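So the structure is just underneath, and the comments pick up after that.
Each value in this text was obtained by applying a stated rule to the coordinates, not by laboratory testing. Every value quoted in this text rests on a predicted model; they were computed, and no experiment measured them. As a convention, Cβ positions derive from the backbone with ideal geometry for all residues, glycine included, and neighbour counts pool all protein chains shown.
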């Protein structure tokens, strides 16, 4: 039984939420987003203005979709009010990143620089050459962009060189012994 699904999602001030069938549209100070819910859940607005999600029946797939649907709506509301942010760290001699126009230029030890086109709705900043900050209103898109950038050179286990999430622990291996 979902415990998070039982909670109603409060709509913050300055945000308008519309429910049209199974689609929830949210408009706030940072932009607007929408999410189409599964047919296994029912969505409604309560009298105090919050959004409530309930399963259609007691089947296992309906109960499985219940909490996820509530969390997706909560992420929409958080995205249009405060937004989402992921930080990446680059470790390695000569490894660096720089934003040039609508592209992210990465020097990651290859014979060529890696050019990553910044998607629409995402802002990338490099406060230091070894730090990348990805921000946007869509949590899924921010996480996907961070994963794609990390995939260019994942951290290796011997020296820890590569692109990693801020705060990520790299499991280190012992090198060769003489």
Query - In degrees, nearest ten, helix 139-151 long axis to first principal axis of the chain (Cα) - result: 20 degrees
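Among 54, 39, 48, 138, rank each residue by its count of other Cβ atoms within 10 Å, from fewest to most, as a rough exposure measure. Mind dumping the intermediate values first?
Working: 54 14, 39 11, 48 8, 138 21.
Exposure proxy ranking, most exposed first: 48, 39, 54, 138.
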Report task. Mind jotting down the distance between the C-alpha centroids of the stretch 118-165 and the stretch 88-117, whole Å? Result -> 10 Å
Query raised in the report: If you build a Gaussian network model of the chain, linking Cα atoms that sit under 10 Å apart, which residue out of 162, 136, 21 swings the most?
Result: 21
Requested in this report: Would you please classify the overall shape of the stretch 66-178 from the alpha carbon gyration tensor, given that a ≥ b ≥ c denote the square roots of the eigenvalues, rounded means a/c under 1.5, and beyond that prolate means a/b larger than b/c while oblate covers the rest?
Outcome: oblate
Report task. Give me the distance between the Cα centres of the stretch 53-83 and the stretch 10-38, rounded to whole Å. Result -> 13 Å
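Below 8 Å, C-alpha to C-alpha, sequence gap of six or more: please give me the relative contact order for the chain in percent. Before the final figure, lay out the partial values.
On the way: 343 pairs, mean separation 31.8, N = 178.
Relative contact order of the chain: 18 percent.
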**Report entry** Residue of 79, 14, 67 that the Gaussian network model of the chain assigns the largest fluctuation, springs spanning Cα pairs under 10 Å
**Finding:** 14
Report summary line: The helix 60-81 Cα axis meets the longest alpha-carbon principal axis of the chain at an angle in degrees, between 0 and 90 and rounded to 10, of 70 degrees
Query - Value of [θ]222 nm, deg cm²/dmol, for the chain, DSSP H segments ≥ 4, -39500 (n - 2.57) each, nearest 500 - result: -6500 deg cm²/dmol
